[in-house]
Amino acid sequence: MLTYFNIEKTLFKSQFSERYQFVLNYKGKDFKGLYHNGEIMWFNPQPLNSLKEKHFDKIESQVHKKMKAQLLH
């Protein structure tokens with residue numbers, strides 16, 4: 001489903017408001033967002049504007065899984 005996923009950088013490292021900026025590619029379209037405390041905040045263009053809700057839910061689920069896996073290492 002996702003052809004590319006990467007954590008681009010950590011914002012506010014070692015601080016209370018630490019966040020992770022990520023990028024992903026889905027069907028040739030790049031999407032970016034921030035991940036913080038299990039919540040995803042999407043940058044524009046937001047995937048919900050160009051994808052069906054069922055695809056959007058699957059993408060968010062995969063982002064959660066990949067973030068948890070990478071943050072545990």
(request) Kindly indicate the residue of region 34-54 that is assigned to a helix (DSSP H, G or I) and out of contact with any Lys or Arg (no Cβ under 9 Å at 6 or more places or on another chain) and also nearest to Ser17 (Cα to Cα) among those meeting that condition. (result) Leu48
(message) So, in region 11-21, exactly how many residues are modelled with pLDDT of 85 or more and exposed (fewer than 12 other Cβ atoms within 10 Å of the Cβ)?
(response) 2
(request) Being of a type in the set (Gly, Ala, Ser), within 11 Å of the chain's Cα centre (by Cα) and surrounded by 11 or more Cβ atoms within 10 Å (Cβ to Cβ) is the filter here, so list the residues in region 27-73 that pass it. (result) Gly33, Ser61
(request) State all residues of region 28-60 that are hydroxyl-bearing (Ser, Thr, Tyr) and touching a helix residue (DSSP H, G or I) at 6+ places or on another chain (Cβ under 7 Å); if no residue qualifies, say none. (result) Tyr35
(request) Taking Leu24 as the residue in question, decide whether it is over 11 Å from the mean Cα position of the chain (by Cα) and of a type in the set (A, V, I, L, M). (result) no
(message) Could you list, ordered by first residue, the pairs with Cβ atoms under 9 Å in which the first is in region 18-39 and more than 12 Å from Gln62 (Cβ to Cβ) and the second is part of a loop (DSSP other than H, G, I, E, B) and of a type in the set (Gly, Ala, Ser), at least 6 apart or interchain?
(response) His36/Ser17
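The values are calculated or read from the model by the stated rules, or taken from the named source; none is laboratory data. Worth saying up front: this structure is predicted, and the values here are computed from it rather than measured. All Cβ positions, glycine included, derive from the backbone under ideal geometry; neighbour counts span all protein chains shown.
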